[in-house]
Amino acid sequence: MINYMKSEYYRLLRKKGLHLTGIICFLLIASAAGVLYFTAQSDPNFRYGTSTFFYSNVIASGLLIIIIGLLYNIALTGKDRYLIKQAISFGISRRIIFWSKLILTLSYFLFICIVGICLMILLGDNLLTHEHHAIRHFLMASVNMIPIVLSGFFLVHTLKMLKVGEIFIIIIVSIIFGFLGDLLHLLLRPFTALDELYKYAPDTMLNDNLMSFVNDTPELGFQYWIVGLVISGVSLLIGAKLFAKQNID
């Protein structure tokens, strides 16, 4: 497994598009901070030149972050599937292939996320109006987001390994992490025993997390981790099992 991971790690580092994506993300963060800063400097009545508003843009972007995660996942699970067939022919088990690709792409994705969070705190705290507890609240809200975003990343990895197209993946994650709560609320409203189920949909939880942050009342919630772990576990277990039986062409 170690040798296979080294080989995949080398391939990952050679993906120029992957590094470019990270750079673009960092530039967008810096640009957003710059726009807020210069607008606040030129307009004394501008209300959004604050670190809290700056941070809220990330807390509100759970679905977008998952879709960006798809770009990182594609690096090792994209069009070069012939390499998977080649690896299998050399005796590498499908289990090793499935989990190695996940570990490497996830590590790179988490690295970009951590650097992005540090960059946001640095810019928000130094360029924009600093608000009391803003950084602590941002970190708390980010911790709540982690299991939901990671569950989306794991679902994306499973779908890519099962050869689902990118457009269909975007549609699936958009429904689950963008509209599922509203859909469940509409469909289950007539059923008293189930009408509260929508509150545990990923998109509803992300929205609740955002509103708590905006209202300066964020709290670390175990429910985010329970929902995230359930989605992650189901996605990976089913994905690994199906990939082990999949026809590689």
Can you tell me the relative contact order of segment 125-249? Whole percent, Cα pairs under 8 Å, sequence separation 6 or more.
-> 40 percent
MRE, 222 nm, helices only [DSSP H, n ≥ 4, -39500 (n - 2.57), over the chain, to nearest 500] = -25500 deg cm²/dmol
Would you tell me the accessible area of Glu131, worked out with a 1.4 angstrom probe on the heavy atoms of the protein chains, in Å² to the nearest 10?
-> 60 Å²
Which whole-number percent is the relative contact order of the chain (Cα, under 8 Å, 6+ apart)?
-> 27 percent
Mind putting a number on the dipole of the chain about its Cα centre? Charges go on the C-beta only, +1 for Lys and Arg and -1 for Asp and Glu, and I need it in Debye to the nearest 20.
-> 1480 debye
In terms of solvent-accessible area of protein heavy atoms at a 1.4 angstrom probe, what is the ranking of Lys101, Lys241, Lys199, Lys15, highest value first?
-> Lys241, Lys199, Lys15, Lys101
What shape does segment 94-185 have by the C-alpha gyration tensor, where a ≥ b ≥ c are the square roots of the eigenvalues, rounded means a/c under 1.5, and otherwise prolate means a/b greater than b/c and oblate the rest?
-> oblate
At a 1.4 Å probe radius, carbon and sulfur cover how many percent of the accessible area of segment 2-244?
-> 70 percent
Taking only protein heavy atoms into account and a 1.4 Å probe, give the accessible area per residue of segment 127-188 in Å².
-> 45 Å²
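The values are calculated or read from the model by the stated rules, or taken from the named source; none is laboratory data. This is a predicted model, so every value here is computed, not measured. No Cβ is skipped: glycine too gets one built from the backbone with ideal geometry, and neighbour counts run over all protein chains shown. Note: areas computed on protein heavy atoms with side chains; ligands, DNA, RNA excluded. Shrake-Rupley method; radii C 1.70, N 1.55, O 1.52, S 1.80 Å.
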